[in-house]
Amino acid sequence: MKSKKYQFEELEKVNSITELVERSARLYPENIAFRYKKKKLSFQKTYSELLGDSKRFASYLLSLNLRKGHVALLGASGYEWITAYIGVQFAGLTVVPLDKDLECDKLIAQIKKSDTDFLFFDNAYSKTAQEIVSAFSGELDSFMMEDPLPEAEGEVFFPTSDPDRLSAILFTSGTTGSSKGVMLTERNIAYNVTCGLGAINFAVGEDVALSILPLNHAFENTFTVFGGIYSGATVCISRSLKYLQKEIKEYQPTVMLVVPLIAEKLFEKVESTVKKQGKEKKFQKALKLSAFLQRFGIDISDKLFDEVKEAFGGKLRTLICGGAPLKEELIEKYHALGINLLQGYGLTECSPLLSVNFYNYHRKNSVGKVVDTCEVKIVDGEIWAKGATISNGYYNDEENTQASFSDGWFRTGDLGVVDENNCYRITGRCKNVIVTKNGKNIFPEELETYLGRTPYVAESVVVGYMNPKKKDYDIVAIIRPDLDRMVEDFGADYTRDQLETELKKAISEV
């Protein structure tokens, strides 16, 4: 299967978030846009209601005559958070999504850096919000999400949409003192939605997406929320990860965005359930049979795993994963089960998706093909990107902008290689390269990927320590073994030698 099948489906592009929302309200007015729970009560909102609620918030913002028009959002994922984000766009203002888990002093620093003059927060973070507001001595207005919005007086005139205006400031590296405010336009985000969906094959007006990742992250907001809206899907908002298993069964999602750890835990849950039922050998044989038949275009996964797939709600078709490398073995297992686990790659500066594998063709050792709105080149091993979905730089931060952007190209800081099908593989971070005395470049992430191929390694970190006697680096791997898997395969009396034997197998592939 060559690259001719590996093409993005051409979807109707939209130029802005406001156009995207209005389009779906026109095409799918009575479709359920969002489902969610609050205090054990269930709610649902149609696309018509989503548009109305978003414009209502926009009307409120316009009545405030904000100085800068930069609106920060602080709170857990929820319908009010989403309508506030969209409302900011209809008001022609700039949204600043905040990480609710950051310490108060870091939130204050980000609000100052982004010139925010309005804070929208939910009740659970009211104490933090009060501390933030008091730090600005009356120069920061605020409003609590749970309070009813005041009715607008008279007719409201919304500004003309400008796809190239500053739509959002998204902070990266929020856990350190060097957080950078990525500037994204409405067009950046809207184009990223349509080009990404061109690889995923959403079922228009039929899909159900379960939102489980934080909405202040571009990955979740762009694809689960705006991707779901564009497709006329129903987006179900999770209360928290502790309810995940229950919500999967209740909402029966067809698509989810996950990080590798969640993908691993979901499959581990399936394997542990099968084992408790005494069907482990039968399950493993069925996986091998399914994988073998799929090589010839024969898919009987639904018949083989009908009961097993109930753990995923019974209808899950696609998991889209980013944030860290996936184990190839895990991708193969999901595929045999009849669920596409698609690995992608992106950064906030890319709105965020830069490359992704396809629903009908994927290479498990790569992050897929570059989206059709961007072009990529490799300079001294580093991935550079430019195009319609790439940021122009960092807000109020010329030094970092100059360091990361050059003549329209964004220097990702990631090292990579490309294969004959134009599929990319990430080999490491520029800053993490260990250069030995003989000039050899060691990429810790690449070694960690190889170590992860053995089922007995749960996590690993490869580091270089300078050996003063050799005046060169010693390469050391710090490993957390998967003790449960080792006990399962070797018994409770497994030895260190058995683990080392498995590790040597993985290392021998490097």
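For this structure, a couple of remarks:
- Among the candidates Thr254, Thr273, residue that is out of contact with any Phe, Trp or Tyr (no Cβ under 7 Å at 6 or more places or on another chain), of a type outside the set (A, V, I, L, M, F, W, C) and in contact (Cβ under 8 Å) with a residue 40 or more places away in the chain: Thr254
- Selected residue (criterion: modelled with the lowest pLDDT) from residues of segment 479-510 that are β-branched (Val, Ile, Thr) and open to solvent by 80 Å² or more (accessible area, probe 1.4 Å): Val510
- Scanning segment 333-353 for residues that are part of a strand (DSSP E or B), over 12 Å from Ala263 (Cβ atoms), open to solvent by 20 Å² or more (accessible area, probe 1.4 Å) and in contact with a helix residue (DSSP H, G or I) (Cβ under 9 Å, 6 or more places away or on another chain) yields a single hit, Gly346.
- Applying the criterion of being farther than 27 Å from Ile108 by Cβ and free of Cβ contacts under 8 Å to residues at least 60 places away in the same chain to the residues of segment 45-94, the residue that is most open to solvent (accessible area, probe 1.4 Å) is Glu49.
Here is a yes/no grid of residues against (1) of a type in the set (D, E, K, R); (2) closer than 30 Å to Glu446 by Cα; (3) open to solvent by 70 Å² or more (accessible area, probe 1.4 Å):
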position	(1), (2), (3)
Arg295	yes, yes, yes
Ile298	no, no, yes
Phe312	no, no, no
Lys315	yes, no, yes
Thr318	no, yes, no
Gly322	no, yes, no
Pro325	no, yes, yes
Ile331	no, yes, no
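- Filtered residues of segment 246-273 (kept if crowded, with 19+ Cβ neighbours inside 10 Å and assigned to a loop (DSSP other than H, G, I, E, B)): Pro253, Thr254
- Output for segment 241-295, where each listed residue is over 30 Å from Glu220 (Cα atoms) and acidic (Asp, Glu): Glu280
- Residues satisfying the stated conditions in segment 289-320, i.e. in contact (Cβ under 8 Å) with a residue 12 or more places away in the chain and acidic (Asp, Glu): Asp299, Asp302, Glu310
- Put simply, of Ser366, Ser391 the only residue that is modelled with pLDDT of 95 or more, in a loop (DSSP other than H, G, I, E, B) and buried (at least 20 other Cβ atoms within 10 Å of the Cβ) is Ser391.
- Note on segment 397-408: residues that are among the polar types (S, T, N, Q) and open to solvent by 100 Å² or more (accessible area, probe 1.4 Å) amount to 1.
- Within segment 1-27, the set of residues being modelled with pLDDT of 90 or more and either of a type in the set (Lys, Arg) or open to solvent by less than 30 Å² (accessible area, probe 1.4 Å) (or both) comprises Lys13, Val14, Ser16, Ile17, Thr18, Leu20, Val21, Arg23, Ser24, Ala25, Arg26.
- Residue count for segment 195-245 satisfying the condition of being assigned to a helix (DSSP H, G or I), over 21 Å from Phe358 (Cβ atoms) and open to solvent by 30 Å² or more (accessible area, probe 1.4 Å): 4.
- Inside segment 271-287, residues that are closer than 15 Å to Pro455 by Cβ and of a type in the set (D, E, K, R) make up a count of 3.
- Taking each residue of segment 409-431 that is aliphatic (A, V, I, L, M) and looking for partners that are open to solvent by less than 30 Å² (accessible area, probe 1.4 Å) and modelled with pLDDT under 90 with beta-carbon atoms closer than 7 Å, six or more apart or interchain, yields Leu415/Thr427; Leu415/Gly428; Val417/Thr427.
- Test result for Glu146, surrounded by fewer than 19 Cβ atoms within 10 Å (Cβ to Cβ), over 27 Å from Gly346 (Cα atoms), in contact with a helix residue (DSSP H, G or I) (Cβ under 9 Å, 6 or more places away or on another chain) and acidic (Asp, Glu): yes
- The set of residues from segment 176-194 being open to solvent by 10 Å² or more (accessible area, probe 1.4 Å) and hydroxyl-bearing (Ser, Thr, Tyr) comprises Thr176, Ser178, Ser179, Thr185, Tyr191.
- Look at (1) open to solvent by less than 20 Å² (accessible area, probe 1.4 Å); (2) in contact with a strand residue (DSSP E or B) (Cβ under 7 Å, 6 or more places away or on another chain) and you find that Phe358 fails only one, number (2).
- First in segment 26-41 and farther than 13 Å from Ile237 by Cα, second anywhere and in a strand (DSSP E or B) and at pLDDT 95 or above, Cβ under 6 Å, 6 or more apart: Glu30/Thr46
- Exclusive hit being over 23 Å from Glu398 (Cα atoms), in a helix (DSSP H, G or I) and open to solvent by 20 Å² or more (accessible area, probe 1.4 Å), set Lys112, Lys100, Lys106, Lys127: Lys127
- Of the strands (runs of 3 or more DSSP E) lying entirely inside segment 25-96, those carrying at least 2 residues that are of a type in the set (S, T, N, Q) are 41-46.
The values are calculated or read from the model by the stated rules, or taken from the named source; none is laboratory data. Please read these numbers as outputs of a predicted model, since none were measured by experiment. Glycine also receives a Cβ, built like all others from the backbone with ideal geometry; neighbour counts cover every protein chain displayed. When the accessible area is computed, the model is the full protein with side chains, heavy atoms only, and any ligands, DNA or RNA have been set aside. Shrake-Rupley method; radii C 1.70, N 1.55, O 1.52, S 1.80 Å.
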